[in-house]
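Each remark here refers to the structure printed beneath this line.
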Amino acid sequence: MPNEVAQLVKNHRSIRKYKDKLIPDEVLNDILTAAQWAPTSNNFQCYSIITIKDAETKKKVSELCEGQSAIETCPVFLVFCIDYFRINMACQKNDIRFDIDQLDYLVVGAVDTTLAAENAFLTAKSYDLGGVMVGAVRKKAEQLSELLKLPRYVIPLVGMALGYPDEDPQQKPRFPLSGVAHNEFYSIDNAVSALEEYEDITEVYYAERTNGERSEGWSKTISNYFDKKRRPDIKDFIIRQGYSVK
Ligand SMILES: Cc1cc2nc3c(=O)[nH]c(=O)nc-3n(C[C@H](O)[C@H](O)[C@H](O)COP(=O)(O)O)c2cc1C
C-alpha cells in the first residue's frame, strides 16, 4: 500500500513559478504551527520565522537576494532565522551570563532552524503548495536584517518562497542511494562509483533540461562554486549580531 507521507516527500521538486492565488491564512497558520513541531535541540527552539506577504517588502527582499524572481512573485515568503534572542532573555531573567562563543551554538541553531523549515515545507506541500528554499537570504544578511528589524542574536538562515505551483518541472535526480547511505561503515568505494554513475545521469538530465545547451554533469557544476568566496560578509555579520564564534 503506498504510504502517502513517503510519496509526498519523494515527489519533491523546487517550484519557482506560482499561480496568482493567495494562500489562506488558516493554511499558512498550519504550516507555521507544523514548523514548531519539529524536534529541537534541548528544547532550545532557537529559531524565528518572519512571514512576508507585502508586495513592496518582497520586492526589496528579492533585490537583496540576487534578484531572485520567486521571492517577488510568490504570495508568501518566509524567512527562517537562527534566534538566540529569547535564550538571551532567559539567561538575563535567571541572572546567568549569556556567553554564545562556541561554534556549536551556531550549528545547533542551524539544525533547529532547518528542521523547522523542512517541517513547514512538507506541510505546505500537503496543501498542494510548492516552493523553493532560498539560501540567498545570507547574501546581504546585514541589510536584510535591518529591513526585517531582526534584533541581536537573530540571523537569517534560509528563506522559503511558497505558492500554488504554475510549473511542473522534472525531478532533479539524486545520487544513487548506495553512495549516500552506508551500511555499518563508510564505503569510499561506493562513494566513488556513485559519483561516476551520477555524472552520467546528470549529463543526460542537464542536456534534456536545456535542449542540449548544457552537457556538463554534477561535478563540474558543483566544483564551480568552490573556487570563489560565496558570501564573504556573513562572518562579520554573525559576529556583529552577538556571536563571538571561536
Ligand atoms: C538551504 C537551501 C538553499 C537554497 N537556496 C536556493 C536559492 O537561493 N535559489 C534557488 O533558486 N534555489 C535554492 N535552493 C534550491 C536548490 O537549488 C534545490 O533544492 C536543488 O538544486 C535540488 O533541486 P530540487 O529541490 O528541485 O530537487 C536551495 C535549497 C536549499 C536546501
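FYI, it's all coordinate maths here, none of it is from the lab. In this text, all values refer to a predicted model and were calculated from it rather than measured experimentally. Note that we place each Cβ from the backbone using ideal geometry, even for glycine, and neighbour counts take in every protein chain shown.
The order of the peptides 119-125, 192-198 by mean Cβ neighbours within 10 Å, most packed first, is 119-125, 192-198. Partner aspartates and glutamates whose Cα lies under 15 Å from the Cα of K140, excluding those fewer than 8 positions away in the same chain, are identified as E63, E66, D233, D236. Summarised in one figure, the compactness ratio Rg/Rh of the chain, Cα atoms and Kirkwood Rh, is 0.99. Which entries of K172/K229; K17/K172; K53/K93; K58/K228; K21/K53 have Cα-Cα distances beyond 23 Å here? Long pairs (Cα-Cα over 23 Å): K172/K229; K53/K93; K58/K228.
Considering only the Cα atoms of region 98-151, their convex hull presents on average a projected area of 5.1 nm². Each of S223, S62 has some number of other Cβ atoms within 10 Å of its Cβ, and from fewest to most they run S223, S62.
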